[in-house]
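All remarks here apply to the structure that follows.
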Amino acid sequence: MLDHFSHSELACPTTDQVRLASGFGEALEKLRIKLDEPIYLNSACRSPLHNAKINGHPRSLHLYDGRQPVLRFLSHDASLMSWLMRIHPR
């Protein structure tokens, strides 16, 4: 797993699986190191089963990707968002 993020932070609460967009975990690690302070994730990815269980949107950006909820969390800081998008383009 990643050095600064636990399995439980990244995993779907229902299936315990971690599925992140290719290269996103590495980009998240680089961001954590650049910030030099903790980043707390409360929802990185969801399985379709978990998404249905919590009445999530059928096209939720949480569905087995992880990238979009984190990007939304960071969107308040344009410089961080710009940096992350450079190291991990969509």
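Worth a mention:
- Unmet criterion (only one of (1) more than 20 Å from S82 (Cβ to Cβ); (2) within 10 Å of the chain's Cα centre (by Cα)) for F24: (1)
- Tally of residues being touching a residue at least 40 places away in the same chain (Cβ under 8 Å) and either over 10 Å from the mean Cα position of the chain (by Cα) or in a loop (DSSP other than H, G, I, E, B) (or both) across the stretch 28-53: 4
- Some residue of the stretch 19-26 being at pLDDT 85 or above, part of a loop (DSSP other than H, G, I, E, B), surrounded by 14 or more Cβ atoms within 10 Å (Cβ to Cβ) and out of contact with any Lys or Arg (no Cβ under 6 Å at 6 or more places or on another chain): no
- Residue in the stretch 67-81 that is in a loop (DSSP other than H, G, I, E, B) and either modelled with pLDDT of 85 or more or under 10 Å from the mean Cα position of the chain (by Cα) (or both) present: no
- Count - residues of the stretch 32-46 that are of a type outside the set (G, A, S) and in contact with a Gly (Cβ under 7 Å, 6 or more places away or on another chain): 2
- Tally of residues being among the basic types (K, R) and at pLDDT below 80 across the stretch 27-66: 1
The values are calculated or read from the model by the stated rules, or taken from the named source; none is laboratory data. Quick caveat, the model's predicted, so the values are computed rather than measured. Don't worry about glycine lacking a Cβ; one is built from the backbone with ideal geometry, like all the others, and counts go over all protein chains shown.
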